[in-house]
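Throughout, read-outs are computed from the coordinates displayed, never taken from laboratory work. Values in this document were obtained by computation on a predicted structure and should not be read as measured data. Here the Cβ positions follow ideal geometry from the backbone for every residue, glycine too, while neighbour counts run over all protein chains shown.
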Amino acid sequence: MTPGLVREHGVKQQSDFGIDYPIKRETAPQNFLKLFYPFHYSVGMAVEKQLSGSDLTRHQTVILWIIHSKGEGGHTIHRKTIERLIGEWYELGSPAISKVLRAMADKDLNLISIRESKASAREKIIRLTKKGQSTVNEMMKRTEAFIKLISDELTDEEIANGMEFMSRVGAIVEGGFSGQKG
């Protein structure tokens, strides 16, 4: 039995997060909101802490993640793409992003290189250095080990259902809503 889960006659009644059981479509929005902050902040921040390790700031971590996940071959990306994507997560303007990128390119960190685009001297291309790629690999390995500790506490069915749910919600949010009124 999952810790903190109240059961009556084998049926889940309520979780530590106040989720009402049985789960129903009608109560899904309220239950989702009850989980949002614990999941976003507790789980999200724990995963982000693992990604950052002891050497990277939150902004450096997210920039490395953007390059890894959205960059060409996982190592090269336009600066404007970083600016657009990081702007969706943080209220971080162009000057602040430039400052973070310069620090990451500095000889002390040497995580990225910044060069002019062949198409436009005003556009910059950001590329992971060997040290940057090694840092991303370490981030991933460390964070996968942390997530394994979590998944070891779940059944295969819980893992599959959770992954499917998160994938679907992500696709819906990123793709827009068919019934959304704007």
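Within the chain, the longest run free of exposed loop sites, counting GluC sites (Glu not before Pro) that sit outside DSSP helix and strand states (H, G, I, E, B) and have at most 11 other Cβ atoms within 10 Å, spans 1-90.
If R0 equals 22 Å, the separation of the Cβ atoms of D106 and R58 corresponds to a calculated FRET efficiency of about 0.75.
A Cβ-based charge dipole, computed about the Cα centre of the chain with Lys and Arg at +1 and Asp and Glu at -1, lands at about 980 debye.
Global dimensions of the range 57-147 from alpha-carbon coordinates: Rg and Dmax equal 12.7, 42 Å. Normalising the average separation of contacting C-alpha pairs (under 8 angstrom, six or more residues apart) by the number of residues puts the relative contact order of the range 57-147 at 28 percent.
Each residue, S113 and E174, gets one label point 7 Å from its Cα in the Cβ direction; the gap between the two is 2.9 nm. The angle separating the long axis of helix 58-70 from the principal Cα axis of greatest extent in the chain is about 90 degrees. Taking a Cβ cut-off of under 13 Å around T129, the surrounding Lys, Arg, Asp and Glu residues balance to a net charge of +3, with basic ones at +1 and acidic ones at -1.
Can you list the lysines whose alpha carbon sits under 26 Å from that of K107, skipping same-chain ones fewer than 8 residues off? Result set, ordered by chain and number: K49, K70, K80, K99, K118, K124, K130, K131, K141. Against the longest principal axis of the chain, how steep is helix 156-175, in degrees 0 to 90 to the nearest 10, with axes from Cα atoms? With rounding to tens, the tilt is 60 degrees. A run of the chain free of exposed loop cleavage sites, with chymotrypsin sites (Phe, Trp or Tyr not before Pro) counted only in DSSP states other than H, G, I, E and B and at most 16 other beta carbons within 10 Å, reaches its longest extent at 91-176. Over all Cα atoms in the chain, the spread is summed up by Rg and Dmax: 20.3, 69 Å. When the alpha carbon gyration tensor of the range 94-182 is reduced to an equivalent ellipsoid, the three semi-axes, largest first, read 35, 24, 10 Å. Charge dipole of the range 57-147 (Cα centre as origin; +1 on each Lys and Arg Cβ, -1 on each Asp and Glu Cβ, all else neutral): 280 debye, rounded to the nearest 20.
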